[in-house]
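**Student:** Quick one: structure below, then a few questions.
The values are calculated or read from the model by the stated rules, or taken from the named source; none is laboratory data. Keep in mind that this is a model prediction, so the values were computed, not measured. No Cβ is skipped: glycine too gets one built from the backbone with ideal geometry, and neighbour counts run over all protein chains shown.
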Amino acid sequence: MDCMKAVIIGAVLSVAAAERRFPAGFKFGTATASYQYDKGESIWDRFVHSRPEAISDRSTGDVACDSYNLWREDIQLLEDLNVDFYRFSIAWPRVLPTGFPNRVSEDGARYYGDLIDGLLARGIEPVVTLYHWDLPQPLQDLGGWANPLISEWFADYARVVYDLYGDRVKTWVTINEPTVICDIGYDGLVAPGLESEGRGSYLCTKHVLLAHAKAYRLYETEFKPKHQGQVSLTNQLMWFEPETEAEAELTELVKALSIDRYCHPIFSGAGGWPPALERHVAEKSAAEGEPRSRLPPFTGEELHLLRGSYDYLGLNHYTTRTVRRAAAGEAVGTYLFDGFRELGVALGARPEWPATMSHWFMVHPEGFRALLSYVKRQYGDVPVFILENGLSDAGTDLDDQPRVDYYRNYLEQVLLAIEQDGVNVVGYTAWSLLDNFEWMDGYQSRFGLHHVDFSSPLRTRTARRSARYYAALARTKDIHAEYEFHKMAAEL
Ligand code: NOJ
């Protein structure tokens with residue numbers, strides 16, 4: 001936009017929109033993840049190279065954004081965004097090339113240490129995810145998340161990382177989005193790309209949760225007394241609405257499957273699986289001739305280990321889906337795992353919810369408030385840390401006003417959840433700092449506040465309009481800060 005336009009808009013905006021500010025201590029940040037961005041030897045390397053047709057543009061994350069080399073530049077972008085924190089993930093195979101702790105990569109350890117120091121030097125807090133889907137391939141060869149020993153292997157890895165960076169990192173995210181790791185990873189669409197007819201995903205769910213709990217307890221007993229940090233996991237939680245009132249009860253079961261399966265064992269007072277889900281899967285398994293429920297039970301000791309293994313509730317949210325009963329024999333659609341078949345549901349969306357570049361993602365801001373209120377009703381006053389939220393588009397336009405609108409409208413719902421529903425939301429993370437390798441969508445679907453030119457060896461980063469809006473938001477905590485300005489500028 002040229003100067004003249006800016007002057008005209010400035011003059012027209014003499015009546016600014018009323019402020020809508022987040023509370024003083026509320027923190028804003030942005031996020032990335034290692035494979036989408038940086039790289040190690042992992043199940044994703046194996047998957048994209050052995051099954052190139054699984055990625056829509058047949059691309060890989062071999063170089064991705066090349067933040068392994070360009071991290072200093074990225075810290076500058078973060079500083080320009082005025083963010084309080086930066087969420088990134090550590091690639092397990094970059095630190096432990098075999099997956100096991102007998103060999104620690106000096107280079108990997110130095111890389112993350114430099115990044116953490118670089119952030120702290122600019123006053124940006126590192127929020128570190130231990131696992132964002134890039135399992136060392138040697139562990140997958142031993143069964144991956146279906147092998148019960150993996151919770152020990154994960155705790156061993158966590159110990160190495162806590163030892164390396166625990167003095168400087170105060171917020172840890174053990175595992176990112178178990179639903180994708182287990183439900184999609186064990187149903188063919190993402191790495192490791194297994195097909196297990198509902199068995200692998202539930203086994204994986206149990207072992208991922210236990211891995212989280214062991215890493216949590218390890219920190220609690222051996223590191224927290226010295227470093228006073230906080231640990232949790234983050235779940236991708238969609239919101240669900242019944243398509244018609246007749247499907248209200250069924251929708252509750254979908255919530256038990258999709259939201260509470262990952263939350264109830266950790267955040268509820270009673271612990272264990274959500275009872276309605278446990279009953280349902282046991283009945284279904286028996287009816288289908290299984291000798292035992294596909295959803296493996298917890299022992300008393302496991303239940304105890306999991307219950308209360310959190311310092312905050314991490315949540316990634318993007319979209320809402322409608323729920324209806326599937327017709328007999330109906331294919332229930334993509335991005336679904338066997339659990340939805342088991343429940344006999346089909347997910348949809350209302351026609352008025354705008355589509356995005358991701359086939360699973362429709363825009364419905366009000367669903368965010370409904371989800372946050374549900375979390376409070378289910379799990380009480382736990383501090384909720386929003387660790388991802390953002391919009392995908394084709395990425396061609398630097399003038400991404402729809403993304404600015406998305407942030408403003410979703411954040412308005414977060415404010416309403418705080419003010420009207422008393423939800424204790426403590427921070428918000430925009431996904432993502434940069435365009436990156438969007439898993440099955442390759443580089444065709446973009447979430448970045450910054451555009452990345454993947455055709456250039458320099459991987460040039462350019463701020464979009466949304467980056468300028470987010471910088472004003474993070475500085476003022478006011479969702480209306482510069483919003484009208486950008487809206488008018490986009491219309492000119
Ligand atoms: C969740 C994942 O954690 C992240 O890796 C992904 O890019 C976004 N959702 C968008 O799909």
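**Student:** Is one or more of the residues making up segment 384-399 away from the ligand (no atom under 16 Å from the Cβ), within 19 Å of the chain's Cα centre (by Cα) and within 27 Å of residue 129 (Cβ to Cβ)?
**Tutor:** Yes.
**Student:** Right, here's the next one. When you check residue 430 against the structure, is it small (Gly, Ala, Ser) and more than 12 Å from the ligand (Cβ to nearest atom), yes or no?
**Tutor:** No.
**Student:** Residues that are touching a strand residue (DSSP E or B) at 6+ places or on another chain (Cβ under 9 Å) and farther than 24 Å from residue 212 by Cβ, at least 2 per element: which strands (runs of 3 or more DSSP E) completely within segment 238-330 meet that?
**Tutor:** Correct list: 239-242, 320-325.
**Student:** Does residue 129 satisfy the criteria of being at negative phi, among the hydroxyl-bearing types (Ser, Thr, Tyr) and crowded, with 21+ Cβ neighbours inside 10 Å?
**Tutor:** The answer is yes for residue 129.
**Student:** Can you name every residue in segment 452-479 that is in contact with an Asp or Glu (Cβ under 6 Å, 6 or more places away or on another chain) and within 16 Å of the ligand (Cβ to nearest atom)?
**Tutor:** 452, 466
**Student:** Looking at the structure I just gave you, is residue 289 without any contact (Cβ under 8 Å) to a residue 60 or more places away in the chain, out of contact with any Cys (no Cβ under 9 Å at 6 or more places or on another chain) and on the phi > 0 side of the Ramachandran plot?
**Tutor:** yes
**Student:** Now for a different question. Could you list, ordered by first residue, the pairs with Cβ atoms under 8 Å in which the first is in segment 351-363 and within 13 Å of the ligand (Cβ to nearest atom) and the second is modelled with pLDDT of 95 or more and charged (D, E, K, R), at least 6 apart or interchain?
**Tutor:** Correct list of pairs: 356/393; 357/393; 357/441; 357/446; 358/438; 358/441.
**Student:** I'd like to know if segment 135-145 contains one or more residues that are part of a loop (DSSP other than H, G, I, E, B) and either in contact with a Ser or Thr (Cβ under 7 Å, 6 or more places away or on another chain) or more than 28 Å from residue 183 (Cβ to Cβ) (or both).
**Tutor:** Looking through segment 135-145, at least one residue is part of a loop (DSSP other than H, G, I, E, B) and either in contact with a Ser or Thr (Cβ under 7 Å, 6 or more places away or on another chain) or more than 28 Å from residue 183 (Cβ to Cβ) (or both).
**Student:** Can you find a residue that is among the small types (Gly, Ala, Ser) and within 16 Å of the ligand (Cβ to nearest atom) anywhere in segment 212-227?
**Tutor:** no
**Student:** In segment 341-350, what residues are hydrophobic (A, V, I, L, M, F, W, C) and either assigned to a loop (DSSP other than H, G, I, E, B) or within 16 Å of the ligand (Cβ to nearest atom) (or both)?
**Tutor:** 349
**Student:** Report the residue count in segment 463-481 for those that are under 12 Å from residue 411 (Cα atoms) and among the basic types (Lys, Arg).
**Tutor:** Final tally of qualifying residues: 1.
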